[in-house]
Structure formats: structure tokens, C-alpha cells
């Protein structure tokens, strides 16, 4: 059974010729995250957040070791769906990785989350409280109306059983993808985006926009007591840039203009560690994609382009260490 465990992003490369570009056609597909206990994680995401489990798989062998850069790998995976979007959970049965740092903060550069759209913020928050989720925000926050790009959005951060931060989000009528305004009886609707903390938005745009071909979909600068309490970071002032492909969830680049004391992604992190989230890139030519990222001097997690049963594939890192994966389709 094919196992895909990643978050997708668009790959059209400005550094290659027009004929080369025609070989690369990609879209955003899913987000993946390493968990310590797959059964517990599946129970949480399906039982509390209404995801639907689509498949489960267990893999090992040299090709998977080369793909993930983890020797002696044995990995259990599950693919979940909410609305039109997918989440992939992976547990490294061997070797077990390290837990999240207990003092992780929302401005540390290993921070990544998914934003789950809800139809009713008050009801969703009450539902999460009923299930005794751990808060990462003090409570739901309504971003102020003076903020033209974000005013009226309501949001709340909380944690899954491993401590990964998740977000529930509710858009006002004048913001967000129109699909989130469709009438629905469901409380949890789908994944709007994944957010990653970056040190330099311009450097990240050279990676995600210029090398990988995503389009900038929106920008804002958020600050004030509501933003501070959402992120649980005193004095938080963020430059937020949304990038998207034609399909799938977007990626929000979160640059903390203040405070500037967020810690870098651990240099020795592995895919088996719980700091690991990843982004899946699907396209026509994995070799071309790999060469493009090598030209951009992106660090590679994989030893090379590998076929582990997914199709030709590899993992690499963005300028701040966040993992992306390309799979040839």
C-alpha cells in the first residue's frame, strides 16, 4: 500500500528553461508529522478533531532508510482526511526519536502547525475543553478590526498528545477561501494552511516562491494583545506572508519581528524526532526538482532521489530547516 507522509507545495522553477518547466507540474497535497504513538495520535485526531482514517501502513528497508536519512528505520504510518485535505502521521518504531523540547515556544524556528477551519469557534472551543486539550493560547482570540488583512479572524492554539501545536480558525464573511463559508453541519471543516516560523521572509520567499514556484497570496503585519495571547509570546509582532499553489492548503511564513529570540531548528534533528513536520511536493520530474534545490544549496535529508515505493522521491530542508518532500507522479 502506498504511504505518503508529507505536506505538498507547488514546484515550478524560475531557474530552468521553459521546456524544463513543462516537465514539472505540482500541487499542495498534505502535511505530515512525526508522533510517538500512532494509535494514540489516530484516536486523538479522529475522535476529537473529526479526521477520517483512510489507511495505515508499516515500512522498513534500505530505500526508506535512504529516503528519511534514518538508519535501521521501521515506521508505522496513517493517512487521515478532513474535508478535502490530508494529514499523514508517522511513528518511528525504530529508532525512536527525541520528544519536543519541553520549553518550546511559538517563535522557535522548529514551530510548525496546521490551521483547522471550524464552523463555530465558541462551540469548537467548548468541544476541545470537554476533551481536556492542553492550551497553547490563553483562549480564543479575535484579531482587531484595525488590521485590514486579519481583522475579525478568530483563532486558538492548542496541543495534540505529543505537544505539537495545532490551531482552530474561523474566518469572517469577507476573508478566507469561499469554500469555508459553505453551509455545513460539521464543526471541523478542513485544513486551510500550515504555518512555519522563519528567520527571514525574503530568504524563505526565494526558496518557496522563486525556487519552488508558489505564489504569494497575502501579507499582513500582526501585533497587539490579541496576537500576544494567541501565540503566548509577550511583545509578539509578526510579518505574515501566505504562499499557495493552485490546489491544497497554503503555507504561512511567520517572521517574528519581535521578539527576535526564537531558537534555530536543531542542527542534528532527524525525521524520527518529534520536531519533524514535512511538506510533500508532487510533480513530474524528481531529478529536475532535486537538481533545482541543489542549485539553491538546500540541505538534503535523503541520500539522493530514492524509489521506496512512492515513486521517485526525496526530502530536503528550507532555509530554516523545515522539511519538504518531492514525490514524482
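Filter the stretch 140-158 for residues that are in contact with a helix residue (DSSP H, G or I) (Cβ under 8 Å, 6 or more places away or on another chain) and part of a loop (DSSP other than H, G, I, E, B) and give the result. Reasoning before the result, please.
Keep residues of the stretch 140-158 that are in contact with a helix residue (DSSP H, G or I) (Cβ under 8 Å, 6 or more places away or on another chain), which gives 140-144, 154-158.
The answer is 140, 143, 144.
Could we say that residue 93 is at pLDDT below 95 and over 19 Å from residue 187 (Cβ atoms) here? Can you show your working first?
Working: at pLDDT below 95: no; over 19 Å from residue 187 (Cβ atoms): yes.
Criteria not met by residue 93.
When only residues in the stretch 252-297 that are more than 14 Å from residue 108 (Cα to Cα) and touching a helix residue (DSSP H, G or I) at 6+ places or on another chain (Cβ under 7 Å) count, which is surrounded by the most Cβ atoms within 10 Å (Cβ to Cβ)?
281
Just the residues that are in contact with a strand residue (DSSP E or B) (Cβ under 8 Å, 6 or more places away or on another chain), touching a residue at least 40 places away in the same chain (Cβ under 8 Å) and over 15 Å from residue 201 (Cα atoms), please, taken from the stretch 213-227.
If the condition is that a residue be in contact with a strand residue (DSSP E or B) (Cβ under 8 Å, 6 or more places away or on another chain), touching a residue at least 40 places away in the same chain (Cβ under 8 Å) and over 15 Å from residue 201 (Cα atoms), then 226, 227 are the ones that fit.
Please find, among 212, 143, 166, 189, the residue that is more than 22 Å from residue 32 (Cβ to Cβ) and surrounded by 15 or more Cβ atoms within 10 Å (Cβ to Cβ).
Values: 212 fails: more than 22 Å from residue 32 (Cβ to Cβ); 166 fails: more than 22 Å from residue 32 (Cβ to Cβ); 189 fails: more than 22 Å from residue 32 (Cβ to Cβ).
Being more than 22 Å from residue 32 (Cβ to Cβ) and surrounded by 15 or more Cβ atoms within 10 Å (Cβ to Cβ) holds for just one of 212, 143, 166, 189, which is 143.
For (1) over 24 Å from residue 222 (Cα atoms); (2) surrounded by 17 or more Cβ atoms within 10 Å (Cβ to Cβ); (3) touching a residue at least 60 places away in the same chain (Cβ under 8 Å); (4) in contact with a strand residue (DSSP E or B) (Cβ under 7 Å, 6 or more places away or on another chain), each residue gets a yes or a no:
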position: 52; (1), (2), (3), (4): yes, no, no, yes
position: 94; (1), (2), (3), (4): yes, no, no, yes
position: 128; (1), (2), (3), (4): yes, yes, yes, yes
position: 131; (1), (2), (3), (4): yes, no, yes, no
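What number of residues within the stretch 159-186 are in contact with a helix residue (DSSP H, G or I) (Cβ under 6 Å, 6 or more places away or on another chain) and assigned to a strand (DSSP E or B)?
Qualifying residue count for the region: 2.
Looking at the stretch 230-250, which of its residues are closer than 23 Å to residue 86 by Cα and either in contact with a strand residue (DSSP E or B) (Cβ under 7 Å, 6 or more places away or on another chain) or modelled with pLDDT of 95 or more (or both)?
Of all residues in the stretch 230-250, those closer than 23 Å to residue 86 by Cα come to 241-250.
Within the stretch 230-250, 241, 242, 243, 244, 245, 247, 248, 249, 250 meet the criteria.
The values are calculated or read from the model by the stated rules, or taken from the named source; none is laboratory data. Worth saying up front: this structure is predicted, and the values here are computed from it rather than measured. Positions of Cβ are backbone-derived with ideal geometry, glycine not excepted, and every protein chain shown enters the neighbour counts.
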